[in-house]
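Asks: Can you keep this structure in mind? I'll have questions shortly.
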Amino acid sequence: MSTLKETLLKKIEEHRPRTTRLLKEYADTKVGEVTIGQAIGGARGVRCLVTDTSYLDPNEGIRFRGKTIPETFEALPKWPGSDYPTVEAFWWFILTGEVPTAEQAQMVIEDWKGRAEVPQYVFDILRTMPRDSHPMVMYSAAILAMQRESVFAEQYRAGSLGKMDMWDPMYEDCSNLMAKLGRIGAFIYRLKFKDDDQIDADPALDFGGNFARMMGVDTPYDDVSRMYFILHSDHESGNVSAHTIHLVASALSDCYYALSAGINGLAGPLHGLANENVLRWTQNFMESLGGKEPTQEVIKEALWATLNSGQVIPGYGHAVLRKTDPRYTSQMEFCLKNLPDYPLFKVINMIYQVAPDVLREHGKAKNPWPNVDAQSGVIQWYYGVTDYSFYTVLFGIGRAIGTLANITWDRALGYPLERPKSLTTAMLEEIAGIK
Ligand code: HAX
């Protein structure tokens with residue numbers, strides 16, 4: 001039975017000639033044109049990235065390695081007694097495009113155990129930081145602090161790395177980092193919100209099970225974690241966090257530099273921080289009702305008040321999607337099964353009934369439908385993780401899975417430094433024919 005690294009190498013060797021051929025024979029074939037609107041407007045819709053780990057269709061939503069979310073959950077080996085695959089099985093799948101056997105998934109679980117120990121200095125640094133630092137600052141700092149562990153950086157410094165061999169130390173770094181992220185996230189949570197009362201990992205558990213244990217939250221939080229990390233793993237490469245990670249890694253920066261940078265982008269309110277803001281908005285709204293049941297009319301008024309004050313409705317809209325995000329739907333189905341009568345879930349569902357029409361009437365957002373962040377906080381809240389400033393760290397643990405797999409492939413295929421070209425406003429005016 002082949003290991004993950006052997007399987008990955010086989011896939012890399014099969015893939016390389018495809019990239020080489022495209023570059024050699026079709027380099028001048030046009031993929032599309034870039035308009036002035038796109039140059040000024042955040043490169044929306046410009047197709048200039050190559051990502052094989054996932055693809056985002058505006059109407060269908062995400063496919064991981066060609067599989068929809070339900071197909072992915074169905075296909076991958078599960079933790080015994082669980083409805084959800086392990087993160088380790090998903091790591092194998094997103095890296096190689098192959099569904100692992102239960103034994104192969106178990107091999108990754110074992111492999112990560114040997115890589116999971118977080119250096120003591122990381123905990124020391126986190127403890128030294130002001131306790132009111134945002135959890136995302138702590139998470140990013142912890143990742144960056146571990147850069148001194150980079151195998152890639154060490155081999156590069158030694159001058160011993162050929163371009164086609166660079167994926168190997170990148171794979172080692174990404175595996176080492178991935179295996180530690182659950183521990184780091186749970187440590188930050190308990191440091192900030194549980195008086196630094198830490199809980200050790202249990203070597204018998206998988207990544208999701210251990211995360212729930214170290215958070216101090218009972219079952220089925222292990223399944224919530226598996227589901228959550230996989231759902232947030234990858235959304236092709238154009239989103240701010242994935243794009244940043246790819247961009248930084250393209251300078252041959254190692255994965256510690258790259259992931260830390262991407263996490264800083266995820267911390268923005270238009271990106272991953274939206275999950276925190278959805279809960280803040282909803283809790284403030286419920287408080288303003290003073291215990292009264294909300295009606296659709298009252299929700300509509302509150303949404304309009306937010307829009308009229310110039311703010312966005314968090315958890316709604318998307319730069320690519322034009323339908324309800326299947327990551328939203330997947331979490332909604334979880335709620336319908338596990339917490340159908342929970343008041344907060346009911347409010348979130350009522351917002352879903354009202355917000356798309358409000359946004360349509362408002363007339364700005366191209367996509368009035370909910371995204372992943374509209375639904376994720378309610379599940380955390382239900383299971384007792386109510387400190388919503390922590391929610392984006394959960395997103396950041398998940399996002400590492402897809403992006404670290406992606407930059408391992410960047411190295412394997414020898415993708416160059418990313419360096420698009422700028423123009424000045426005067427140049428655009430000239431192109432537009434403005435005198
Ligand atoms: N509420 C109010 N206005 C919105 C809106 C929303 N939810 N979504 C979009 N708009 C507005 C935009 O602010 C923009 O207004 P201006 O013309 O005044 O600048 C206009 O509608 C057109 O925007 P768009 O083309 O539809 O959307 P963008 O691609 O520019 O932006 C965003 C996509 C996700 C940033 C946007 O929809 C938004 O701000 N949503 C709320 C925040 C949020 O939920 N972010 C998480 C997105 C998913 C994700 O990345 N998770 O990590």
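The values are calculated or read from the model by the stated rules, or taken from the named source; none is laboratory data. In this text the structure is predicted, and so the values were computed from the model without any measurement. Heads up, the Cβs are rebuilt from the backbone with ideal geometry, glycines too, and the neighbour counts pull from every protein chain shown. Just the protein is used for accessible areas: all its heavy atoms, side chains included, with ligands, DNA and RNA removed. Shrake-Rupley method; radii C 1.70, N 1.55, O 1.52, S 1.80 Å.
Asks: Estimate the FRET efficiency between D357 and D83 by the formula 1/(1 + (r/R0)^6), using the beta-carbon distance for r and 35 Å for R0, to the nearest 0.05.
Replies: Values: r = 34 Å, r/R0 = 0.97.
Once the sixth-power term is evaluated, E becomes 0.55.
Asks: Evaluate E = 1/(1 + (r/R0)^6) for Q120 and K435, where r is the Cβ-Cβ distance and R0 equals 56 Å; express this FRET efficiency to the nearest 0.05. Don't jump to the answer; show the numbers that get you there.
Replies: On the way: r = 66 Å, r/R0 = 1.17.
Efficiency, rounded to the nearest 0.05: 0.30.
Asks: For the stretch 343-386, what percent of Cα pairs sit more than 17 Å apart?
Replies: Details: 373 of 946 pairs.
Above the 17 Å cut-off, the stretch 343-386 has 39 percent of its Cα pairs.
Asks: Going by amide H atoms built from the backbone, whose H comes under 5 Å of the H on Y316, apart from near neighbours?
Replies: Hits under the 5 Å cutoff: N371.
Asks: Once you place label points 7 Å from the Cα toward the Cβ at L252 and L417, how far apart are they in nm?
Replies: 1.0
Asks: Moving on to the next point. Check the straight Cα-Cα distances from K78 and name the lysines below 29 Å, setting aside those fewer than 8 residues away within the same chain.
Replies: Once the sequence-local lysines are set aside, what remains near K78 is K5, K10, K11, K67, K113, K180, K337.
Asks: Let me ask another. In whole percent, how big is the carbon plus sulfur part of the accessible area of the stretch 24-115, probe 1.4 Å, protein atoms only?
Replies: Numbers: 2610 of 5040 Å².
On the stretch 24-115, the fraction of accessible area on carbon and sulfur atoms equals 52 percent.
Asks: Spin-label point model (7 Å from Cα, Cβ direction): what's the S2 to L289 distance in nm?
Replies: So the two model labels end up 5.5 nm from each other.
Asks: Expected output is a single nm value to one decimal: the length gained when fully extending between D200 and R148, i.e. 0.36 nm times separation in residues minus the C-alpha distance. What is it? Before the final figure, lay out each step's value.
Replies: Numbers: separation 52, 0.36 × 52 = 18.72 nm, distance 2.42 nm.
Full extension from D200 to R148 adds 16.3 nm.
Asks: Show me 137-145, 220-228, 188-196 ranked by packing, highest mean number of other Cβ atoms within 10 Å first. Before the final figure, lay out the partial values.
Replies: Working: 137-145: 21.6, 220-228: 24.6, 188-196: 17.1.
Ranking the peptides 137-145, 220-228, 188-196 by packing returns 220-228, 137-145, 188-196.
Asks: Averaging sequence separations of C-alpha pairs under 8 Å and six or more residues apart, then dividing by the length of the stretch 90-238, give the relative contact order as a whole percent.
Replies: On the way: 112 pairs, mean separation 30.8, N = 149.
Normalised by residue count, the contact order of the stretch 90-238 is 21 percent.
Asks: Note the full-extension length gain between D28 and L428 as 0.36 nm times their separation in residues minus their Cα-Cα distance, in nm to one decimal. Don't skip to the end; give the middle numbers.
Replies: Working: separation 400, 0.36 × 400 = 144.00 nm, distance 2.36 nm.
The D28-L428 span can extend by a further 141.6 nm.
Asks: Then there's this: Give the long-range amide H neighbours of R322: residues separated by 5 or more places, or on another chain, with amide H under 5 Å away, using H modelled in the peptide plane at 1.01 Å from N.
Replies: Amide H to amide H, under 5 Å and 5 or more residues apart or across chains, R322 pairs with N59.
Asks: For E71 and R47, what does the FRET efficiency come to when R0 = 25 Å and r is the distance between their Cβ atoms, rounded to the nearest 0.05? All intermediate terms of the calculation are to be shown ahead of the outcome.
Replies: Working: r = 25 Å, r/R0 = 0.99.
E between E71 and R47, to the nearest 0.05, is 0.50.
Asks: To continue, here is another question. Can you show me the helix-derived [θ] at 222 nm for the chain, built from DSSP H runs with n ≥ 4 at -39,500 (n - 2.57) apiece and divided by the number of residues, rounded to the nearest 500.
Replies: Counting only the DSSP helices, I get -18500 deg cm²/dmol.
Asks: Largest first and to the nearest Å, give the Cα extent of the chain along each principal axis.
Replies: 69, 67, 43
Asks: Right, something else. State the extension gain, in nm to one decimal, for the chain segment bounded by R322 and K366, taking 0.36 nm per residue of separation less the distance between their alpha-carbons. Please list the in-between numbers first.
Replies: Working: separation 44, 0.36 × 44 = 15.84 nm, distance 0.74 nm.
So the extension gain works out to 15.1 nm.
Asks: Between I351, I40, I263, where does the largest GNM mean-square fluctuation fall for the chain, given springs only between Cα atoms within less than 10 Å?
Replies: Sorting by GNM fluctuation, first place goes to I40.
Asks: Taking the convex hull of the Cα atoms, report for the stretch 53-147 its projected area averaged over all directions, in nm².
Replies: Values: hull surface 35.0 nm².
That works out to 8.8 nm².
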